[in-house]
Amino acid sequence: MMSGPCTALVTAMISSHKVNLELAYILHSRPYRDTSLLVDIFSRTHGRIGAVAKGAKQAKSKFNGLLQPFGLLMLSWSGKGDLMTLTDAEQPQAALDINGSQLISGFYLNELLTRLLQRHDPHQILFDIYHETLCILVKDEHLEAVLRRFEFYLLQETGYGLVLDHDVETGEAIQTEACYCYYIERGPVKIDKTSDQQQGVLINGQTLLAIKDGSLVEALHLKQAKQLMRAVIAHQLGDKPLRSRELAMQKVL
Amino acid sequence: MTGSSLINRLIESLRCLPSVGPKSAQRMAYHLLEHNRQGASQLAHDLLEAIEQIGNCEQCRTLSEKTVCDICNNRGRDQSVICVVESPADVQVIEQVAGYRGVYFVLMGHLSPLDGVGPIELGLDILAKKLDAGIITELILATNPTVEGEATAYYIAEMASTRGIKATRIAHGVPIGGELEYVNSTTLSHAFNGRVEL
């Protein structure tokens, strides 16, 4: 027999797996069995969740057409373990009119999230940044700077934040005119412009500060920021490269 | 349980068909063995033959037992217009309704970087060669109205535009006989953006 408090605890645990109309985005979906979908969800308060949407491919399904990436949704699910069951989906606003090359950038964001976020880790700040990033992406302005800003927060929120304000060897504040070598997993170290240290990523003090302040504008800063982010993210991802980046870099056939 | 391992194996094999669970598989197996052995043997024969002989059309990639499928081979069809679709089933539905007289190109999927599907996996190198040959005047992009389908359409439209070939996208909107109240907001906004003058 179960004692009273223990039963209450178990009931609480079970009910905690029922989530009602939570703000979320679909990161990816793929067919499951004949009529269902397996969806990778990025929710605001529960983080990344895997779920099955039963019957989602049937014409009369309540999920029909809704479970697409890049549209803000309100999702309900229940279940325990790694695979939840999606129970309801609503669309609070029309999906963003994201098209063309913006879609490729969108896939890049989604691939980064699916690769770097652990399941069930809540990342509210990152969710809000992701939402903002998609909204700016649609306007087709400052694409590079927007992507760098997203990467910066992604690294920060997943515990791999960049050191951008001081030299990790001397502890001195970053100087705008100085040149640095950024060692992955350590941080920037001031170098002599003529020295040939190539172990890390060469980067200007000004660029480091611009990444920190989110004020990347100049072409050189954007280029250096991209090199730094690419190296740091590649280090986090390991051997398997990002397929969406390959697609973005490929010349059209 | 009958204890016959061969029957169990047959039931298990039938479950590879879509929408066939253990119950239906069992019903099928017993039906074939009890009432229609001849049909079963015809089915087995046809399945084997189909698997051995059906490949992809070298022009449009659809499923066909010939090197070039009947649609591509039909001189009565307009070879200068290509309709790009995701699957052979899409070819069938367009053939049934649309009165389309051009030819097709079947991608057998859509661009999906997160699943590792890129342009080469979709045979877009073959399509590029067709476009380079200079016969094509229009590409009709009939990929599904999903995010991946749109990305695929965009990519192929880019291929066409670098070669100065017209690319058109099929319209999306409110289904005939439907009511606006029940149409999802994304579809409705598409329908608004794609409105036509009467």
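Here are the numbers for the structure shown:
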item: Distance (nanometres) between label positions extended 7 Å along Cα→Cβ at residue B:97 and residue B:129; result: 3.4 nm
item: Neighbour net charge for residue A:28 - beta-carbon separation under 12 angstrom, K R +1, D E -1; result: 0
item: Lysines whose Cα lies under 22 Å from that of residue B:23, excluding same-chain neighbours fewer than 8 positions away; result: A:54
item: Projected label distance in nm at residue A:141 and residue A:78, using a 7 Å step from Cα toward the beta-carbon; result: 4.6 nm
item: Along chain A, longest interval not containing exposed trypsin sites (Lys or Arg not before Pro), exposed being DSSP loop plus at most 14 other Cβ atoms within 10 Å; result: A:81-185
item: Long-range amide H partners of residue B:166 with built H, under 5 Å; result: B:139
item: Top of B:167, B:98, B:128 by mean-square fluctuation, Gaussian network on chain B, Cα under 10 Å; result: B:98
item: Nonlocal amide H pairs with residue B:144, under 5 Å, H built at 1.01 Å; result: B:86
item: With eigenvalues of the C-alpha gyration tensor scaled by 5 and rooted, the protein assembly as shown, Å; result: 45, 33, 23
item: Within a Gaussian network of chain A (alpha carbon springs, distance under 10 Å), most fluctuating of A:87, A:176, A:114; result: A:176
item: Cβ-placed point charges (K, R +1; D, E -1), dipole of chain A about Cα centre in debye, nearest 20; result: 1140 debye
item: Residues listed by number, the stretch B:138-158, amide nitrogen under 16 Å from residue A:97 label point at 7 Å toward C-beta; result: none
item: Neighbour net charge for residue B:53 - beta-carbon separation under 10 angstrom, K R +1, D E -1; result: -2
item: Whole-angstrom Cα spans of the stretch A:145-234 along principal axes, big to small; result: 32, 27, 23
item: Likely footprinting exposure, A:82, A:40, A:128, fewest C-beta neighbours within 10 Å first; result: A:82, A:128, A:40
item: Residues of type aspartates and glutamates that residue A:251 reaches as a straight line, Cα spacing below 19 Å, ignoring anything fewer than 8 places off in the same chain; result: A:144, B:121, B:125, B:132, B:148, B:150, B:158
item: Contact order normalised by residue count of the stretch A:18-90, Cα under 8 Å, 6+ apart, percent; result: 35 percent
item: Radius 9 Å from Cβ of residue A:48, net charge of other residues (Lys, Arg +1; Asp, Glu -1); result: -1
item: Kirkwood Rh, Cα atoms: Rg over Rh of the stretch B:5-53; result: 0.98
item: Between helix A:143-157 and chain A: long-axis angle, C-alpha atoms, 0 to 90°, nearest 10; result: 70 degrees
item: C-alpha center-to-center spacing [the stretch A:54-92, the stretch B:29-57] in angstrom; result: 38 Å
item: Two-decimal Rg to Rh for the stretch B:67-198 - Kirkwood Rh, Cα set; result: 0.99
item: 0 to 90° range, to nearest 10: angle between helix A:219-237 axis and chain A longest Cα axis; result: 50 degrees
item: Relative exposure of B:69, A:181, judged by other C-beta atoms within 10 Å (fewest first); result: A:181, B:69
item: Simple label model, 7 Å out from Cα along Cβ direction - residue A:189 to residue A:168, nm; result: 0.9 nm
item: FRET efficiency, residue A:35 to residue B:168 (Cβ-Cβ, R0 30 Å, nearest 0.05); result: 0.45
item: Backbone N under 17 Å from the residue B:9 label point (7 Å along Cα→Cβ), restricted to the stretch B:28-50; result: B:29-30, B:33, B:41, B:44-45, B:48
item: Relative contact order of chain B, pairs being alpha-carbon contacts under 8 Å that are 6 or more residues apart, as %; result: 12 percent
item: Extent along principal axes [Cα atoms of the stretch B:1-144; Å; largest to smallest]; result: 63, 39, 27
item: Under 16 Å from the residue A:237 label point (7 Å along Cα→beta-carbon), backbone N, the stretch A:126-148; result: A:147-148
item: For the stretch A:18-90, alpha-carbon Rg and Dmax in angstrom; result: 10.8, 31
item: Packing-based exposure ordering (other Cβ within 10 Å, fewest first) of A:143, B:32, A:134; result: A:143, B:32, A:134
item: Degrees between helix A:101-116 axis and first principal axis of chain A (Cα, 0 to 90, nearest 10); result: 80 degrees
item: Rg/Rh (Cα only; Kirkwood hydrodynamic radius) as it applies to chain A; result: 1.06
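FYI, it's all coordinate maths here, none of it is from the lab. Fair warning: this is a prediction, and the values are worked out from it, not measured in the lab. FYI the Cβ positions are ideal-geometry reconstructions off the backbone, even for glycines, and counts take in every protein chain you see.
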